[in-house]
Amino acid sequence: MAATPARVTLTGATGLIGSALARELAAAGAEVIVLSRDPDRAHAALDLPAEPWEPLREPAPASALAGRDALVHLAGETIAQRWSPRARHAIRESRLLGTRNLLEGLRRLRAPQRPPVLLSASAVGFYGPHREEPLDEDAPPGRDFLAQLCAAWESEAHAAAELDMRVLHLRTGVLLDPRGGALAKMLPPFR
């Protein structure tokens, strides 16, 4: 008897990590639904079902959350930009308000319909600047903008535990990919 494919809902699917993850999940046979501000563009880029969601304005749609095995939340304004006061506000709001609205969508579902797992993005920037000392998941957050942002973002996502969901935080480092992230910006001077 064949195993039932995993059913995953993904936010931030058109970003560097999200697009790679979406392709890998689909290649592994998972049923992936993408939540996107531009579902037509997301569908065209990923060839996956995409539903509209305005994370700063509304709860996530129940139709994309109900009966799923996992919810992967990667959405947020890029941090790869000059951190003007306006950019800092947009970066922060996209993560905190977006996560709040995602959880509001989950709260609107009855318990058996909610995904049991939320994997929410964060960053190693959580720890702030350090030298060579080892750090683990129990290390406290740093005090700079990115560290405080990550701590607040993780706190918002952790509220899903109150819904009896398992909450995991994905603390990524600097992205090295020739298509985007830090490496794409570093390659031109070296070429």
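Here are the numbers:
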read-out: Search result, residues across region 123-141 that are open to solvent by less than 70 Å² (accessible area, probe 1.4 Å) and charged (D, E, K, R); value: none
read-out: Search result, residues across region 62-92 that are in a loop (DSSP other than H, G, I, E, B), open to solvent by less than 40 Å² (accessible area, probe 1.4 Å) and either more than 24 Å from residue 22 (Cβ to Cβ) or touching a Phe, Trp or Tyr at 6+ places or on another chain (Cβ under 7 Å) (or both); value: 84
read-out: Top-ranked residue in region 110-122 [being without any contact (Cβ under 8 Å) to a residue 60 or more places away in the chain and open to solvent by less than 20 Å² (accessible area, probe 1.4 Å); ranked as farthest from residue 152 (Cα to Cα)]; value: 118
read-out: Residue check, residue 95 under 21 Å from residue 15 (Cα atoms), under 19 Å from the mean Cα position of the chain (by Cα) and either open to solvent by 40 Å² or more (accessible area, probe 1.4 Å) or at pLDDT 90 or above (or both); value: yes
read-out: Region 142-191 - residue that is at pLDDT 95 or above, of a type in the set (D, E, K, R) and under 14 Å from the mean Cα position of the chain (by Cα) and, of those, least open to solvent (accessible area, probe 1.4 Å); value: 154
read-out: Pairs, first under 19 Å from residue 61 (Cα atoms) in region 18-44, second surrounded by 18 or more Cβ atoms within 10 Å (Cβ to Cβ) and among the basic types (Lys, Arg), C-beta under 8 Å, six or more apart; value: 33/68
read-out: Condition check for residue 76: over 30 Å from residue 5 (Cα atoms) and touching a helix residue (DSSP H, G or I) at 6+ places or on another chain (Cβ under 6 Å); value: no
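The values are calculated or read from the model by the stated rules, or taken from the named source; none is laboratory data. The structure presented is a predicted model; accordingly, all values stated were derived computationally and were not measured. Heads up, the Cβs are rebuilt from the backbone with ideal geometry, glycines too, and the neighbour counts pull from every protein chain shown. Just the protein is used for accessible areas: all its heavy atoms, side chains included, with ligands, DNA and RNA removed. Shrake-Rupley method; radii C 1.70, N 1.55, O 1.52, S 1.80 Å.
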